[in-house]
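Below is one structure, written out as structure tokens; the observations come after it.
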Amino acid sequence: MKNTTAWWLRITVAFFLVIVLMEIYIDSGDKPAFIAYPTLMFGFMTLILLLLIAIAFIVQAIENVLYNTLDDEAKVRYLAEKEKKWEWTWGKKMYAKMLGSKPIESEEEIILDHNYDGIRELDNNLPPWWVYLFYASIVFGVVYLARFHVFNDYDQDLEYEQEVAAAQLEIEAYKKTAKDLVDASTVELLTDAADLNAGKGIFESNCVACHMADGGGGIGPNLTDNHWILGGGIKNVFNTISEGGRDGKGMIAWKQNLKPAEIAQVASYVISFQGTTPANPKAPEGDIWEDPNAPVENSKDEVVAPEVAIDSAAVTMN
């Protein structure tokens, strides 16, 4: 089979193909394989490169040996065939057709009569590629005019609003899976058993020394009553754990030791102590906290006095 590709080009392509295959099949995590395993990669690739060069020289040597076994006529045919270059015939024909120019040998047919100091003009047609693009632009303009100015399809303002809305949905979906993006303004009470169990583990590892295992309080306040020093609710509790308690005498800030997701878990576990009965409850501290977002219930004892209709005529007469 005739081989018209230079040996160095074949080696280069094969070398980089091996690199791509190694990157695909070697599990190197987030890093490229040649960074994760530099010694192995560079040593192996050096071996592959030397092997490819050796194969190229062997093939060339075999080709020379076979060439020397040919007779003179066969050698001439072989060299003539080897000198031929591969050509993309269809591509060349399409290029000439789209260019639409006359060959130099036929330019006499399209020379115009006028002459400017020996300079003559050719009556060339517009290139077909240019004509086709011109027609395509007309079709595009008509469709655009009808769509956006006749039938009033979406405009740039609507497109922008749609893109922003789609981006907001993607952000919200990302936040649901990226728990460490939570903060005091976006945290929500976690009720899943896995989150509460994780919060319990964090509480028992870091908080029982001050609040006791049942939340009854010791050095720290009682977590089972409805009194809170810095406010109750998931947002306030999250902020207190993250930023710490009162200056000089409150709890330390845990944001350096715990991730936001872990703070949300332990804050939710702390709130789960509400309404429980500890073994030795500490006296309440702080103020009673009421959730401002809690629904307001009308008192059952409130009696609404019926409206009494007053007859103005009767009052006047009396």
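General observations
- Residue tally, condition surrounded by 11 or more Cβ atoms within 10 Å (Cβ to Cβ) and acidic (Asp, Glu), over the range 30-67: 1
- Under the condition of being among the charged types (D, E, K, R) and surrounded by fewer than 10 Cβ atoms within 10 Å (Cβ to Cβ), the residues counted in the range 68-87 number 7.
- Which listed residue, of ALA146, ALA167, is exposed (fewer than 11 other Cβ atoms within 10 Å of the Cβ), out of contact with any Pro (no Cβ under 8 Å at 6 or more places or on another chain) and either at pLDDT 80 or above or not charged (D, E, K, R) (or both): ALA167
- Scanning the range 99-118 for residues that are at pLDDT below 80, in a helix (DSSP H, G or I) and surrounded by 10 or more Cβ atoms within 10 Å (Cβ to Cβ) yields a count of 1.
- Residue in the range 260-271 that is polar (S, T, N, Q), part of a helix (DSSP H, G or I), touching a residue at least 40 places away in the same chain (Cβ under 8 Å) and surrounded by fewer than 18 Cβ atoms within 10 Å (Cβ to Cβ) present: no
- As for the range 206-215, it holds at least one residue that is assigned to a loop (DSSP other than H, G, I, E, B), touching an Asp or Glu at 6+ places or on another chain (Cβ under 8 Å) and either more than 26 Å from TRP228 (Cα to Cα) or without any contact (Cβ under 8 Å) to a residue 24 or more places away in the chain (or both).
- Those residues of the range 1-36 which are among the β-branched types (Val, Ile, Thr) and at pLDDT below 75, in sequence order: THR4, THR5
- The condition (being basic (Lys, Arg) and within 30 Å of PRO281 (Cβ to Cβ)) is satisfied by just one residue among LYS176, LYS200: LYS200.
- Remark: pairs (first residue in the range 177-203, assigned to a helix (DSSP H, G or I); second residue acidic (Asp, Glu); Cβ separation under 6 Å; 6+ apart in sequence or on different chains) = ILE202/GLU262.
The values are calculated or read from the model by the stated rules, or taken from the named source; none is laboratory data. In this text, all values refer to a predicted model and were calculated from it rather than measured experimentally. As a convention, Cβ positions derive from the backbone with ideal geometry for all residues, glycine included, and neighbour counts pool all protein chains shown.
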